[in-house]
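Colleague: Before I ask anything, let me first share the structure, which is written out below as structure tokens.
The values are calculated or read from the model by the stated rules, or taken from the named source; none is laboratory data. Everything numeric here is computed off the predicted structure, so don't read it as measured data. When we count neighbours, we look across all protein chains shown, and the Cβ atoms used for this are built from the backbone with ideal geometry, even at glycine. When the accessible area is computed, the model is the full protein with side chains, heavy atoms only, and any ligands, DNA or RNA have been set aside. Shrake-Rupley method; radii C 1.70, N 1.55, O 1.52, S 1.80 Å.
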Amino acid sequence: MRLAAVAAGGALGSAARYGVGLLWPHPTATLIVNLVGCAVLGFVVEAVPARRRLLRLFLGPGVLGGFTTFSTYAVETRVLVADGRPGTAVAYVLGTLVGALTALYLGTLAARLLDRRPAA
């Protein structure tokens, strides 16, 4: 059941990532996808209780694992270096790392803030 949850989520996340690439075929899209994915992952980890294991697997390694794309990030970095733009490549690598960690933190913070709202 756990494998099915990850596989189903991965199919959705991968399809969504492919769609973003079709609509916005630019390296900036990879950066945005990865940052959004990290923010949502931070939110999911904080907001979805550990006892909801299948939902966490579906959303985390499934949907978000399929949506975010480390391999494209690595290829785009290599292309920047091969194109003689090592400074841009370093900025891309560091910007993605700092941005991803910041997005993860902000997603976690958002979940915590929403959890403190009074019940309606």
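Colleague: Mind telling me which of the residues Leu104, Leu94 ends up being of a type outside the set (Ser, Thr, Tyr), open to solvent by 60 Å² or more (accessible area, probe 1.4 Å) and either modelled with pLDDT under 95 or within 11 Å of Leu35 (Cα to Cα) (or both)?
Modeller: Answer to the selection: Leu104.
Colleague: Of all residues in the stretch 3-46 being of a type in the set (Ser, Thr, Tyr) and touching a Phe, Trp or Tyr at 6+ places or on another chain (Cβ under 9 Å), which is nearest to Leu59 (Cα to Cα)?
Modeller: Looking at residues that are of a type in the set (Ser, Thr, Tyr) and touching a Phe, Trp or Tyr at 6+ places or on another chain (Cβ under 9 Å), I get Ser14.
Colleague: Follow-up question, since we're still on this one. When you go through Val36, Val45, Val20 one by one, which is the residue that is within 11 Å of the chain's Cα centre (by Cα) and open to solvent by 30 Å² or more (accessible area, probe 1.4 Å)?
Modeller: Val36
Colleague: Sticking with this structure for a sec: Residues to consider are Arg112, Arg56; find the one that is open to solvent by 50 Å² or more (accessible area, probe 1.4 Å) and either within 17 Å of the chain's Cα centre (by Cα) or among the small types (Gly, Ala, Ser) (or both).
Modeller: That would be Arg56, the only listed residue that is open to solvent by 50 Å² or more (accessible area, probe 1.4 Å) and either within 17 Å of the chain's Cα centre (by Cα) or among the small types (Gly, Ala, Ser) (or both).
Colleague: Here's something else I'd like to know. For the stretch 61-72, indicate whether the set of residues that are touching a residue at least 40 places away in the same chain (Cβ under 8 Å), open to solvent by 50 Å² or more (accessible area, probe 1.4 Å), assigned to a helix (DSSP H, G or I) and not hydroxyl-bearing (Ser, Thr, Tyr) is non-empty.
Modeller: Within the stretch 61-72 (the criterion being touching a residue at least 40 places away in the same chain (Cβ under 8 Å), open to solvent by 50 Å² or more (accessible area, probe 1.4 Å), assigned to a helix (DSSP H, G or I) and not hydroxyl-bearing (Ser, Thr, Tyr)), the answer is yes, since at least one residue qualifies.
Colleague: Mind checking which pairs have a first residue in the stretch 27-39 that is part of a helix (DSSP H, G or I) and a second that is among the basic types (Lys, Arg) and crowded, with 17+ Cβ neighbours inside 10 Å, Cβ under 8 Å, 6 or more apart or different chains?
Modeller: Hits for this filter: Val33/Arg17.
Okay, residues lined up against (1) part of a loop (DSSP other than H, G, I, E, B); (2) free of Cβ contacts under 8 Å to residues at least 12 places away in the same chain:
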{"site": "Arg78", "(1), (2)": "no, yes"}
{"site": "Gly84", "(1), (2)": "yes, yes"}
{"site": "Gly87", "(1), (2)": "no, yes"}
{"site": "Ala91", "(1), (2)": "no, yes"}
{"site": "Val98", "(1), (2)": "no, yes"}
{"site": "Leu106", "(1), (2)": "no, no"}
{"site": "Ala110", "(1), (2)": "no, no"}
{"site": "Leu114", "(1), (2)": "no, no"}
